[in-house]
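Step one of this worksheet: look at the structure below.
The values are calculated or read from the model by the stated rules, or taken from the named source; none is laboratory data. None of the values given here were measured: they were computed from a predicted structure. FYI the Cβ positions are ideal-geometry reconstructions off the backbone, even for glycines, and counts take in every protein chain you see. Each accessible area value is taken on the protein alone, full model and side chains, heavy atoms only, with ligands, DNA and RNA left out. Shrake-Rupley method; radii C 1.70, N 1.55, O 1.52, S 1.80 Å.
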Amino acid sequence: MDHITVELPDGTMLQMEEGSNVRDLAEKIGARLAKAAVAARLDGRAVDLKTGLVDGARVEIITDRSPDGLDVARHSAAHIMAHAVVEMYPNVKLGIGPTIEDGFYYDFLLEEPLNVNDLSQIEGKMREIVRADEPFARREISRNEAREIFADQPFKLELIDELEGETVSIYEEDGFVDLCRGPHVPSTGRTGAFKLLSVAGAYWRGDEKRPMLQRIYGTAWSNSKDLDAYLVRLAEAGKRDHRKLGRELDLFSFSEEVGPGLALWHPKGALMRKIIEDFWKDEHLKRGYDLVMVPHIAHVGLWERSGHWDFYRDSMFSPMDVEGSDYVVKPMNCPEHILIFKSATRSYRELPIRWAELGTVYRFERSGVLHGLLRVRGFTQDDAHIFCTVDQIEDEIMGVLDLTTYMLRTFGFSEHEIYLSTRPEKFVGTKANWEKATDALRGALEKRGLAYSIDPGEGVFYGPKIDVKIKDALGRAWQCTTIQVDFNLPERFNIKYKGADNLDHQPIMIHRAILGSLERFIGCLVEHYAGAFPVWLSPVQVMVLPIADRHNDYARSVSSRLEEVGVRVDVDTRVESVNKKIWDAQLMKMPYMLIVGDKEVESGSVAVRDREGDKGPKPLDEFAHELAVQLKPPVPEG
């Protein structure tokens, strides 16, 4: 019997009989691993357990509790859901069914709209399919055979026509066939614990000119305990939904009369933005940045020169005619910052130049992807651009990382994930500059002692980058900070500085956004704190609650005293019971409530309540003194 040799992730070399598959390898390593195995990576490619081994291959077994294993299970759950829907609705037209974070979805064209009861029945049918424990079988077939199999499925036919190669892969279990590259779990019974969550509308291929499909969302986990824990987190996330809390706290709203994805900021929301903006500007000025401002519109020619017109035209709003010339609302701030750089002769002695702007930009997002403040069409970037020499990149990146860490911790985000994205296949600039820039980014991260992961080939075409994802109170990751090195725009705009040799040199440009956008960041803050913001961020920090009308004058005097020390305070003089006023203030997540009645008027005190409950009476001046220390942004440790 001939043998082949395969390599395990730890470098161990194992001999296997020729003709062995991945399942055979798992069984040879150990019964426990074989029982947990759901798929594998063969030379980095995800494959089924039935896939044959080849001599010299590097093989990694994927188990059911690993992130990759969960992804395989969720992919299989999407397939099983499609099977269930086909059995219940024979005329259904199938779209696609990918995995997403924590779950999966599948798109269907159905004759009738689905409701919650329908989801329950589909879920029941899925459980029948799982109990049958039928094996998943993969086949490679010709395009023509695939067209015959999916002859009555127009969306599948469209996908088949777009696939590369002469063959396509399909998966079958118990007579149900779907177009899929896999892998899947070995059999339907290995799918794990799952639940269908909701149904929503989704245009085919995200194009509003194409048919509207019904998208069923679900989640799947390796066991019921993990599923239950996720559902608890999901319920908590629902309570923290920034769209719901934004209405309840009177922070912002959206109106179809204005247009989708364009937020209207109410007084409390606008005040919160001012607090964040003032802190942002002050910190930048302290760290050697200058503030700039540029127009909201510019001639189309600017975007043609920058390359945005060619690369991002689908994400830009249509041009407007201004006296015979085409103008467009800006999708980014960088080209106009470059024009400020070009407005004067620059010397190496001026570098680095750091310019920052809270610049509002506009991007055409499809209506189907808009989501509260998290995905909008008009948003304000906390944008900055640094013009420097190659040798200055590392120091500048360290400065940006220091500012990033300080600001995020100040807002209450101490956990984060950092990714260093390296050169993609298509890029501009020289490989030497790419290596210098990547080394500078890596060096800055390591000198600051920040753990990071390499994201190979995921840099943007004009330079490598660092991405920072913050973790909120529920452990969810939010894309936040981006730091990008750019060789492209300085070359496109031919920007120069005079070097020590009195010759012209091209500077390096660093793009960076720390909060990302104010809209998205505030949405994240709302969900992180569940609307109960720390005192320094709260639009209203104290609500004074007079018990009766005769206490209103004293309540106003309390308000005036607190305003003198910088407290943002309001007085509730409505004709309501004090218990009703307290209840309403609690719903508004008020940090402090001060109840004032006859006793407080006589003694010059206030009865203090915070979010945790009654704190008892205090002299007004004592309370004002104690509160004063909470009014400024906290200085984070470390």
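Structure notes:
- Beta bridges assigned by DSSP with both partners in the stretch 506-610 are antiparallel in approximately 35 percent of cases.
- Relative contact order of the chain: 9 percent, from C-alpha pairs under 8 Å at least 6 residues apart in sequence.
- Estimated FRET transfer efficiency (A235, E415; beta-carbon r; R0 25 Å; 0.05): 0.70
- Mean-position separation - Cα centroids, the stretch 201-252 and the stretch 118-197, in angstrom: 24
- Taking 27 Å as the limit for the C-alpha separation, the pairs K125/K244; K239/K581; K426/K469; K244/K581; K28/K195 exceed it in the case of K125/K244; K28/K195.
- Against the chain, whose longest principal axis comes from its Cα atoms, helix 431-447 is set at around 60 degrees.
- Shown in residue order for the stretch 184-194 are the 3J(HN,Hα) couplings computed by the Karplus curve 6.51 cos²θ - 1.76 cosθ + 1.60 at θ = phi - 60°: 10, 4, x, 8, 4, x, 9, 5, x, 8, 9 Hz (x for Gly and Pro).
- Projected label points at V575 and K615, each 7 Å from Cα along the beta carbon direction, are separated by 3.3 nanometres.
- Long-range HN-HN contacts of R346 with modeled amide H, under 5 Å: K498
- Rounded if a/c under 1.5, otherwise prolate or oblate - the stretch 470-573, Cα gyration tensor axes: prolate
- Lysines whose Cα lies under 19 Å from that of K447, excluding same-chain neighbours fewer than 8 positions away: K436, K465
- Those aspartates and glutamates that a straight Cα-Cα span of less than 18 Å connects to K286, excepting residues fewer than 8 apart in one chain: E277, D278, E350, E357, D382, D383, D395, E396, D402
- When shorter helices are ignored and each DSSP H run of at least 4 residues is given -39500 (n - 2.57), the per-residue value for the chain at 222 nm works out to -10500 deg cm²/dmol.
- Local electrostatic count, H184, Cβ distance below 14 Å [Lys/Arg +1, Asp/Glu -1]: -3
- A simple rule links phi to the HN-Hα coupling: the Karplus curve 6.51 cos²θ - 1.76 cosθ + 1.60 with θ = phi - 60°, which for the stretch 126-139 gives 4, 5, 4, 5, 5, 5, 5, 6, 7, x, 7, 10, 9, 9 Hz, with x for Gly and Pro.
- The fraction of all Cα pairs in the stretch 240-378 landing in successive 5 Å bins from 0 to the largest distance is 2, 8, 14, 16, 17, 16, 14, 8, 4, 1, 0, given as whole percents.
- In this calculation the C-beta distance from Q15 to R45 is compared with R0 = 25 Å, giving a FRET efficiency of 0.70.
- Estimated FRET transfer efficiency (K447, K281; beta-carbon r; R0 25 Å; 0.05): 0.35
- Kirkwood hydrodynamic radius of the chain, Cα pairs, Å: 28.9
- Model label points for D161 and A628, set 7 angstrom from Cα along the Cα-to-Cβ axis, are 7.4 nm apart.
- Cα centroid of the stretch 577-606 to Cα centroid of the stretch 448-522, whole Å: 48
- Karplus-based coupling profile of the stretch 414-425, in residue order and whole Hz: 9, 9, 7, 10, 10, 10, 9, 9, 9, 4, x, 5, with θ = phi - 60° in 6.51 cos²θ - 1.76 cosθ + 1.60 and x standing for Gly or Pro.
- Cα gyration tensor shape for the stretch 500-638, rounded if a/c is under 1.5, else prolate or oblate: prolate
- Accessible-area ranking of I276, I547, largest first, probe 1.4 Å: I547, I276
- Close amide-amide hydrogen proximity is noted between Y106 and I216, each under 5 Å apart and 5 or more residues distant or on a separate chain (H modeled in the peptide plane; Pro and chain starts excluded).
- In the context of the full set of protein chains, residues of the stretch 56-118 present 43 Å² of accessible surface per residue (probe radius 1.4 Å, heavy atoms only).
- Reciprocal of mean inverse Cα separation for the stretch 132-238 (Kirkwood radius, Å): 16.5
- Taking amide H positions as modeled 1.01 Å from N, with prolines and chain starts lacking one, the residues under 5 Å from E134 and 5 or more places away or on another chain are T188, G189.
- Rolling a 1.4 angstrom probe over the chain with all protein chains present gives an accessible area of which 48% lies on carbon and sulfur atoms.
- Near L196: Cβ cut-off under 10 Å, other residues only, Lys/Arg at +1 and Asp/Glu at -1. The net charge is -1.
- Against the chain, whose longest principal axis is taken from its Cα atoms, helix 518-529 shows a tilt of about 90°.
- Gyration tensor (alpha-carbon) shape descriptor, the stretch 196-296, a/c threshold 1.5: prolate
- Ellipsoid equivalent to the stretch 90-165 - semi-axes via the Cα gyration tensor, in Å: 25, 17, 14
- The stretch 318-472, relative contact order [Cα under 8 Å, separation at least 6], %: 21
- Helix 552-564 axis, angle to the chain major axis (alpha carbon atoms, nearest 10°): 80
- Antiparallel DSSP beta bridges within the chain, as percent of all bridges there, nearest 5: 85
- Placing S538, S414, S560 in order of accessible area, with the largest value first and a 1.4 Å probe, yields S414, S560, S538.
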